[in-house]
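Take this structure, written in structure tokens, and hold onto it; I'll ask about it next.
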Amino acid sequence: PDNNKVIIAYRDTSSSPYYGYAVVGTVSGTSISFGSPVVFYSGGALNGTVTAVYDTTANKVVLTFYPQAGGLYAIVGTVSGTSISFGSTANVGSASPSYPSSVYDSSANKTLVSYSNSSNSSYATVVAISVSGTTPSFGSPVVVASAGVQNTSLSYDTTANKSSLVITNQSSSYFKAHVITISGTTPSAGSATDLGTFSNGADGLSTAYNPDINRHIVVFRDRTSGASQYFTN
């Protein structure tokens, strides 16, 4: 919002290894134009998911990503005109993440990242990122659910000033929501709310908060029927 721009971050699979890129978009009416893509990671091939949030306090873009060699990384971007530049990367440690999700928690002034940690029984894990200038730093990762999960999705409730985490696995033995509170750099989870059971599981998970109805929208694919579904909570 400070630059009136849209930022897209992705991995480029047109050449090997798959580097990470970001590009700045400008919206005019019903059209969008782009600046030149900028490499934010060239240390090896990336896995598929790159998350991006906007830190409204630092006025910076925070990207999180995980290389195929392992580890969860963050990098901070600064927008100028139609270009974006990046500071140095930070690594959360030896985590082996998959299906990460991120959201900016304005009440705690932190970016919150959730993921399935395959180096720790695929437990649902969350970690907070602080930004100072163009430097990100991680707090200590916290296990939210000692259950093997595949998908995680975060959204921020601007009414309650809390983040919400929805997690599920393909067998659907775990499809629940938790409220996440951040104290300093340490997140903690409230008790789980069961969101249902689907015999063949649910995936393709995404969530968003709608302030007009004070509800979180959860969208997912029901592997039982092969159809997409949604509900509010």
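Could you order 111, 158, 30, 181 so the one with the most accessible surface comes first? Probe is 1.4 Å.
Per-residue accessible area, sorted high to low, gives 30, 158, 181, 111.
I want to make sure I understand the PRE zone here: with the label point 7 angstrom from the Cα of residue 68 toward its beta carbon, which residues in segment 11-31 have backbone N atoms less than 15 Å away?
11-20
Any idea what % of Cα-Cα pairs in segment 1-160 are farther than 22 Å?
Roughly 41 percent, once rounded to a whole number.
When a/c is below 1.5 the answer is rounded, else prolate if a/b is larger than b/c, else oblate, so apply that to segment 117-213 with a ≥ b ≥ c taken from the square roots of the Cα gyration tensor eigenvalues.
Verdict is oblate for segment 117-213.
Taking a ≥ b ≥ c as the square roots of the eigenvalues of the Cα gyration tensor of segment 1-54, is the shape rounded (a/c under 1.5), prolate (a/b larger than b/c) or oblate?
Taking the square roots of the gyration eigenvalues as a ≥ b ≥ c, segment 1-54 is prolate.
Could I ask something else about it? Springs between alpha-carbon pairs under 10 angstrom, Gaussian network model over the chain: which of 175, 65, 34 fluctuates most?
34
Run the numbers on the chain and let me know its relative contact order in percent, using alpha-carbon pairs under 8 Å that are six or more apart.
Relative contact order comes out at 11 percent.
The values are calculated or read from the model by the stated rules, or taken from the named source; none is laboratory data. Since we're looking at a predicted model, the values are computed, not measured. When we count neighbours, we look across all protein chains shown, and the Cβ atoms used for this are built from the backbone with ideal geometry, even at glycine. These accessible areas exclude ligands, DNA and RNA; they are computed on the full protein's heavy atoms, side chains included. Shrake-Rupley method; radii C 1.70, N 1.55, O 1.52, S 1.80 Å.
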